[in-house]
Each structure stands twice: as structure tokens, then as C-alpha cells.
Amino acid sequence: MSKLSQRHLLGIKDITREDIELIFETADNFKEVINRPIKKVPSLRDVTIANVFFENSTRTRLSFELAEKRLSADVVNFSASGSSVKKGETLLDTVNNILAMKVDMVVMRHASAGAPHFLSKHIKANIVNAGDGTHEHPTQALLDAFSIREQLGGVGGKKIAIIGDILHSRVALSNIFALKKLGAEVMVCGPATLIPKFISTLGVQVELDVAKALEWCDVANVLRIQLERQQLKYFPSLREYSLYYGISKKTLDNLKKKIVLMHPGPINRGVELTSDAADSPHSIILDQVENGVAVRMAVLYLLAGATN
């Protein structure tokens, strides 16, 4: 079995293009598995994986849990809301207690950027970053790029516009790293207040006009407005945001070409996307969800191999 260059998946920044391509090839095989009548393989039968979520999550946690069960792993779920973290236990103590139960791999989401990196220096288990603060969300970027490859036959040379709340989005940063490594052209678009000052140093174009971004791109990856991470008001109102940056089916139908519409979810319907856009033939949002399970199966399988 081919192996990844890293023992952990902490961020797209840390892995190579070859790693990404290996994950995609492995995910292709697992996608066939999850579309069979019997959806399970015994690949991780003797592996125990702990899902340690210090931040709320529905889709990502369910996707990882399903991926783990499809691989026949033993799964332990940990949620900070009902744990000793509320009593003042440290991150390291929490995870060491979980590892004392002989866990081989930890899938972790944390509100603090760098938490998985800190952990990887102190414990022996493989770490998968399921989102750390506003830093990275590597498996989301992998499933997004995998979905583009599936739709357009490849990622290299394609024009991808990431639209919305770039400033607070870990998905945006991981996507930029992944798409650039795979040879795509990347543009970010949104209100000036929601675009980080030095984003162009990552080799991306910046556009403030959503109509121009949509005319330019082959794929529009629309991000959620992350109100829960915004301490200040970055725009007058959601209605105003929707007026200038919201995308409707009419907007898509009026373009000179057909583009692919993506969204990492959950969608604020009526804010960044209207329902008729989210449910239109342009949209591959539900394909992203299905691909998420296959890509996460590939990541877990390959990381388990990295320790053998």
C-alpha cells in the first residue's frame, strides 16, 4: 500500500501534491464501495478512532463517523459540551485520558487554531484535523477538490472562485492551498471587510464584484457567513449582504456559460444562496456530502497505513 508523506493530517499546507493525488485515487475506490449493496470493508477492523469535538458539528462529525464505520473501525465519540473540559480539564489531559483507553487515531475539531498541531507533538496517535479555529479544515478542501475533479475531469487549469466570508473561513484557506497545489487558478470574492489584508500573497486574485467573479470562474464555491465568529459588524445587514453577494438561480442562468456551484454547508438559505440556486442543476452540494465520506475513508485508511 502506498503511504502518505505525513503521519497526521493537520493541514493541506503540510502535505504534498502526491499525497493529495494518492488520497483521490484511494477515494475513487472507496466511492465504489459506498455505492455497493454491502457498504463495509474490513480495512480498519483492529483500529480504534476517537472523534474528539470541542466545537459543535453535525455534518463533519457524522461524515467521519460514517467513514470510520464503513472501514469497520471501533469508534469512540467525545463531545466537549458534556465532558470534564467544562470542569477545567486541559486539552492534553482530556486526550491523554482518551489515549489511555488504547485509541489509535484522533479526529479533532477545536476552536483554537493550532490545537491539532500542539497535540501531534505530545501524543503517539495519528491526528486528523477536522477544523481548528479559523485556520484549516483539510478534509473539506480535499472533498471539494475531489468533487471538482469528478465534475470537470481535473483541477489543473480550472478557474475557481471562493465567494463569501473569506476572513473567518478555515475552508477558504485549506481550499486555496489544495487548489493551488493541484494547479488551479483561484479568486476570492466578497465584501472588502471580509477579505484578509494579505490574501494576495497566497497567489490568489481578489475581486469585490460577485458578477465579475461568476463570469470569470468555472466553479463557484460559496461560503457561509460565519456570524458566530464575527465579533464586529462587517456589513450593515444580512439583507444587504444578500442583495450584493447573494446568488440566485436567475444569476446563474444569466451567465454566458454553465458553472458548477458548491457550498461546504450548512447553507444560510436566502443569504449567500437562494433555495432555487442551491437546488438547481448547477449545484453539486449533495455530491460534496457523498464525496466527503469517500475522501475521509481514504484519509483514515492511508494514515492507518502510515503507522504500520
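The values are calculated or read from the model by the stated rules, or taken from the named source; none is laboratory data. On a predicted model such as this, the values are computed, not experimentally measured, just so you know. Virtual Cβ from ideal backbone geometry, glycine too; neighbours counted across all protein chains shown.
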- Go through the stretch 282-308 and give me each residue that's in contact with a helix residue (DSSP H, G or I) (Cβ under 9 Å, 6 or more places away or on another chain) and free of Cβ contacts under 8 Å to residues at least 60 places away in the same chain. HIS282, SER283, ILE285
- Message: Can you pull out every residue in the stretch 7-31 that is in contact with a helix residue (DSSP H, G or I) (Cβ under 9 Å, 6 or more places away or on another chain) and surrounded by fewer than 18 Cβ atoms within 10 Å (Cβ to Cβ)?
- Response: ARG7, LYS13, ASP14, THR16, ARG17, GLU25, ASP28, ASN29
- Quick one: in the stretch 35-71, which of the residues that are farther than 23 Å from LYS124 by Cα and part of a helix (DSSP H, G or I) is nearest to the chain's Cα centre (by Cα)? THR60
- Message: Looking at (1) at pLDDT 90 or above; (2) in a helix (DSSP H, G or I), which one does ASN96 not meet, given that it meets all the others?
- Response: (1)
- Residue count, the stretch 184-201 (criterion: farther than 16 Å from LEU243 by Cα and either out of contact with any Phe, Trp or Tyr (no Cβ under 8 Å at 6 or more places or on another chain) or not assigned by TED's automatic domain parsing to the domain that holds PRO264 (or both)): 11
- Message: So in the stretch 180-201, with the set limited to residues that are exposed (fewer than 14 other Cβ atoms within 10 Å of the Cβ) and either assigned to a helix (DSSP H, G or I) or in contact with a His (Cβ under 6 Å, 6 or more places away or on another chain) (or both), which one is modelled with the highest pLDDT?
- Response: THR201
- Message: So ALA213 passes all but one of these: (1) in contact with a Cys (Cβ under 6 Å, 6 or more places away or on another chain); (2) assigned to a strand (DSSP E or B). Which condition number does it fail?
- Response: (2)
- When you scan the stretch 120-145, how many residues do you find that are buried (at least 24 other Cβ atoms within 10 Å of the Cβ), of a type outside the set (D, E, K, R) and part of a helix (DSSP H, G or I)? 7
- For the stretch 89-106, name all the residues that are surrounded by 13 or more Cβ atoms within 10 Å (Cβ to Cβ) and of a type in the set (A, V, I, L, M, F, W, C). LEU91, VAL95, ILE98, LEU99, VAL103, MET105, VAL106
- Note on the structure: Taking first residues from the stretch 58-73 that are hydroxyl-bearing (Ser, Thr, Tyr) and second residues anywhere that are surrounded by fewer than 18 Cβ atoms within 10 Å (Cβ to Cβ) and assigned to a helix (DSSP H, G or I), the pairs with Cβ under 9 Å that are 6 or more apart or on different chains are SER63/VAL289
